[in-house]
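The values are calculated or read from the model by the stated rules, or taken from the named source; none is laboratory data. Quick caveat, the model's predicted, so the values are computed rather than measured. Positions of Cβ are generated from backbone atoms using ideal geometry, with glycine treated the same way; all protein chains shown enter the neighbour counts.
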Amino acid sequence: MADVKDFISSDPIAWCPGCGDYGILNALKAALVKLGRKPKDIVIASGIGQAAKLPHYIKCNCINGLHGRSLSYASAVKIVNRELTVIVTTGDGDCYGEGGNHFIHNIRRNVDITVIVHNNQIYGLTKGQASPTTDEGYVTKVQPQGVILEPIRALEMAIALGAGFVARGYSSNMEHLSWLILEGINHKGFSLVEVLQPCVSFNKKNTHEWYSKRVYKVNDDPAYDPGNFVAAFQKASEWGDRIPTGIIYRAEKPSYGEKSGLDKAAPLVDSDIDDIDLTGILKGFA
């Protein structure tokens, strides 16, 4: 039986005191314990940024790569070995900015991975310039006159593109967030769990106090149906005085493994490649 001690890493944590990332880390650990899998069966992939440090703080398989590219190699890992639980931890800049193209096409492919986006609405690691989700008008050192662009609404985008699982959590509501992460992992196909996460150093607007007055849980309303596409899109568009959290949209659809036939075949990682002439294959690219 899995225990939270199984996932404790010896790496020192380098986040600022009070950072929302701590809540996400603890929620993910709790979800992995409930999942019941061993650390060797779990892969956490990340790119660059504060969120990308998280895999170092959980004892399991870890891949750190280039800025915005985590979804590509996470999908490759899942395609090669579907027996692994594959999770991505990424930031709003890493995923929606540098990784925007990968975000779009991985929703389209519907590979069975879970993407946890730490959304603090700012670039934290590079000291506070506006990210794709920064509110219009917010003043930063790089945008001294205020941000002039509208923020990306990633949940609306994901639903419109056909993602089968779209959820939003809040880093201070750890038990609820842990449940959302576990539900995302258990969903077959691409799962998006965006987490509202205060940045105590560089985002002075979207604070713990600001969020706590606004967030509410949509799934507490028995009349809300996360399977209703139109209602889910309308709910995802809410922002301001009230901000919905919970499972915003959920729909079953064939995953990449099912559509491609890979789920019925032996995992690629178990394939015998001794007789493959890699030299001949590489010459074809010369």
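So, of the residues in segment 197-224 that are touching a Lys or Arg at 6+ places or on another chain (Cβ under 7 Å) and assigned to a loop (DSSP other than H, G, I, E, B), which turns out to be farthest from residue 125 (Cα to Cα)? Only one residue tops the list, namely 214. Would you say residue 57 is under 13 Å from the mean Cα position of the chain (by Cα) and either within 14 Å of residue 192 (Cβ to Cβ) or modelled with pLDDT of 95 or more (or both)? In short, no.
For segment 221-237, a residue qualifies if it is surrounded by fewer than 17 Cβ atoms within 10 Å (Cβ to Cβ) and over 15 Å from residue 160 (Cβ atoms), and the qualifying residues are 221, 222, 223, 225, 227. From the set of residues in segment 164-180 that are part of a helix (DSSP H, G or I) and out of contact with any strand residue (DSSP E or B) (no Cβ under 7 Å at 6 or more places or on another chain), which is surrounded by the most Cβ atoms within 10 Å (Cβ to Cβ)? The selected residue is 178. Just a yes or no: is a residue in segment 231-243 in contact with a helix residue (DSSP H, G or I) (Cβ under 6 Å, 6 or more places away or on another chain), closer than 28 Å to residue 117 by Cα and not in a helix (DSSP H, G or I)? Checking segment 231-243: at least one residue is in contact with a helix residue (DSSP H, G or I) (Cβ under 6 Å, 6 or more places away or on another chain), closer than 28 Å to residue 117 by Cα and not in a helix (DSSP H, G or I). Look at (1) among the aliphatic types (A, V, I, L, M); (2) in contact (Cβ under 8 Å) with a residue 60 or more places away in the chain; (3) under 30 Å from residue 257 (Cβ atoms) and you find that residue 174 fails only one, number (3).
Hey, among the residues in segment 80-125 that are at pLDDT below 95 and among the aliphatic types (A, V, I, L, M), which one's nearest to residue 170 (Cα to Cα)? Out of the qualifying residues, it is 122. Comparison of 194, 183 shows that the only residue that is at negative phi, touching a residue at least 12 places away in the same chain (Cβ under 8 Å) and in a strand (DSSP E or B) is 194.
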